[in-house]
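Visitor: Dropping a structure here in structure tokens format, bear with me for questions.
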Amino acid sequence: MSPAVIGVDLGGTKVAAARLHDAVLSDSVIEPTQLSSNQALIEQLVGLVEQVRQSELDAVGIGVPSVVEFATGRVVSSVNIPLADVPLRHVLGDRIGVPVYVDNDATVAALAEAHDGELRPVARNLVMLTVGTGVGGGIVLDGRIYRGSSGGAGELGQTIIGADLTDSVPPPSRFPQPGSLEQLAAGHALDELGTQLAAAHPESELARRAGPDGRCPGPDVVAAARDGDPVAASAVDLWARRLGIGIANTINTFDPDEVVIGGGGILAAELLLGPATEVARGYVNPGLGARTSIRLARHGVRAGVLGAALLAAHEIEDAGRPQAGPGAQRVDGA
């Protein structure tokens, strides 16, 4: 009998929770993320767990869009949610009454994607890029989650793909840095591209979908592109091609078996995957990437909540077993 666990996927705009037991993941409970304070967000997380909790509960896993010190469950730094320096593992554990395991959201999504539909481990070397409010990354190497020396490995969204270094190197600024993959290819980047092009082409279908303030959110840009609007299509295409540069960097660095695109951005489906793959293949160093597949997350937008639940299940099952060392955990729990 497998442990009964709850997975929580915390993002900058929404938070989801679901129960996993005997390889069956329940429907998710989803709410807009409480961003007013860390206390309000903690109360929301406790409330979501209680909503999906049943009489039997062994552990809770949570993926957060932050750098996490996995051994302690402390959120080291956080850009999009108010949890910086919060010892989240202990705070939630005390409130919920079972062990809580906290990790980066893209890391737990990568853990999910290393498993097939029957939740069997199938990928040895996998890198995941999650495209949502930000751009995150999760890494599985030789069948192990790779967290690095501080627990923050996989911040691939901070890779610089478009900085102007012609005359000088600009001083660093607030994250996401100008020219970073997150700044140029996260969901908000598509919002900006759509809004700019809608203003420049007032006759377009894209412009007709803009709100009273002229803003055109990414989902509306994608919808207009699917309806055949060339202006919207050009926005989605540029956004996808920017992501392709990040994918190429990932392949050049890790030479993985798979690069997986996850997060809310995958709702664009082939409009995202096609141009991103084309650019990535062109920018990969000759001799690399021949065995690398580039695909959308098989578990869809549920990869985050499933991965968080798998994290909790693996940690409970592995309690007391010899560990492989800091920064690594077997995907199969061995």
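Visitor: Going by the structure shown, is I139 surrounded by fewer than 17 Cβ atoms within 10 Å (Cβ to Cβ) and under 19 Å from the mean Cα position of the chain (by Cα)?
Guide: no
Visitor: Something else about it: Out of curiosity, is L272 at negative phi and surrounded by fewer than 23 Cβ atoms within 10 Å (Cβ to Cβ)?
Guide: No, not satisfied.
Visitor: Can you tell me which residue in segment 18-31 is surrounded by the most Cβ atoms within 10 Å (Cβ to Cβ), limited to those that are over 20 Å from the mean Cα position of the chain (by Cα) and assigned to a strand (DSSP E or B)?
Guide: Looking at the filtered set, the residue picked out is H21.
Visitor: State which residue is nearest to the chain's Cα centre (by Cα) when the search covers only segment 246-262 and only residues that are under 16 Å from E278 (Cβ atoms) and either crowded, with 23+ Cβ neighbours inside 10 Å or of a type in the set (G, A, S) (or both).
Guide: Only one residue tops the list, namely I261.
Visitor: From G143, G157, G148, G134, grab the single residue that is touching a Ser or Thr at 6+ places or on another chain (Cβ under 8 Å) and assigned by TED's automatic domain parsing to the domain that holds G179.
Guide: Only one candidate passes the filter, namely G157.
Visitor: Also, I was wondering about something else. Against the definition (part of a helix (DSSP H, G or I), more than 22 Å from the chain's Cα centre (by Cα) and within 27 Å of V135 (Cβ to Cβ)), how does A109 come out, yes or no?
Guide: no
Visitor: Among the residues in segment 166-179, are any touching a helix residue (DSSP H, G or I) at 6+ places or on another chain (Cβ under 7 Å), in contact (Cβ under 8 Å) with a residue 60 or more places away in the chain and closer than 16 Å to W239 by Cα?
Guide: The answer is no; no qualifying residue exists.
Visitor: Restricting to segment 32-91, and then to whatever is in contact with a Phe, Trp or Tyr (Cβ under 7 Å, 6 or more places away or on another chain) and in a strand (DSSP E or B), can you tell me which residue is surrounded by the most Cβ atoms within 10 Å (Cβ to Cβ)?
Guide: G61
Visitor: So in segment 223-233, with the set limited to residues that are at negative phi and outside any helix (DSSP H, G or I), which one is surrounded by the most Cβ atoms within 10 Å (Cβ to Cβ)?
Guide: Filtering segment 223-233 for residues that are at negative phi and outside any helix (DSSP H, G or I), the one surrounded by the most Cβ atoms within 10 Å (Cβ to Cβ) comes out as D229.
Visitor: Filter segment 234-245 down to residues that are among the small types (G, A, S), closer than 15 Å to E192 by Cα and crowded, with 20+ Cβ neighbours inside 10 Å, then give me how many there are. Before you say what the answer is, go through the steps one by one.
Guide: Filtering segment 234-245 down to residues among the small types (G, A, S) leaves 234-235, 240, 244.
When the remaining residues are screened for being closer than 15 Å to E192 by Cα, the result is 234-235, 240.
Add one more test, that the residue is crowded, with 20+ Cβ neighbours inside 10 Å, and what stays is 235, 240.
Number of matching residues: 2.
Visitor: Further, regarding this structure: Does G274 fit the bill of being over 19 Å from I160 (Cβ atoms), assigned to a helix (DSSP H, G or I) and out of contact with any Leu (no Cβ under 9 Å at 6 or more places or on another chain)? Before you say what the answer is, go through the steps one by one.
Guide: On the way: over 19 Å from I160 (Cβ atoms): yes; assigned to a helix (DSSP H, G or I): yes; out of contact with any Leu (no Cβ under 9 Å at 6 or more places or on another chain): yes.
Yes.
Visitor: Working only within segment 3-17, note down all residues that are among the β-branched types (V, I, T) and outside any strand (DSSP E or B). Explain how you work it out, then say what you get.
Guide: Step one: list which residues in segment 3-17 are among the β-branched types (V, I, T), which gives 5-6, 8, 13, 15.
Once the filter is applied, which keeps residues that are among the β-branched types (V, I, T) and outside any strand (DSSP E or B), segment 3-17 yields only T13.
Visitor: Also, I was wondering about something else. Tell me yes or no: at least one residue of segment 195-207 is touching a strand residue (DSSP E or B) at 6+ places or on another chain (Cβ under 7 Å), in a helix (DSSP H, G or I) and of a type in the set (S, T, N, Q).
Guide: Taking every residue of segment 195-207 in turn, none turns out to be touching a strand residue (DSSP E or B) at 6+ places or on another chain (Cβ under 7 Å), in a helix (DSSP H, G or I) and of a type in the set (S, T, N, Q).
Visitor: Would you mention how many residues in segment 154-182 are outside any loop (DSSP other than H, G, I, E, B), farther than 15 Å from M128 by Cβ and hydrophobic (A, V, I, L, M, F, W, C)? Write out each step before concluding.
Guide: Our first condition is that a residue be outside any loop (DSSP other than H, G, I, E, B); within segment 154-182, this holds for 156-158, 160, 180-182.
If we keep only those that are farther than 15 Å from M128 by Cβ as well, we get 158, 160, 180.
Narrowing the set further to residues that are hydrophobic (A, V, I, L, M, F, W, C) leaves 160.
Looking only at that region, the number is 1.
The values are calculated or read from the model by the stated rules, or taken from the named source; none is laboratory data. What you see is a predicted model; the values in this text were computed from it and never measured. Cβ coordinates were reconstructed from backbone atoms using ideal geometry, including for glycine residues, and neighbour counts include every protein chain displayed.
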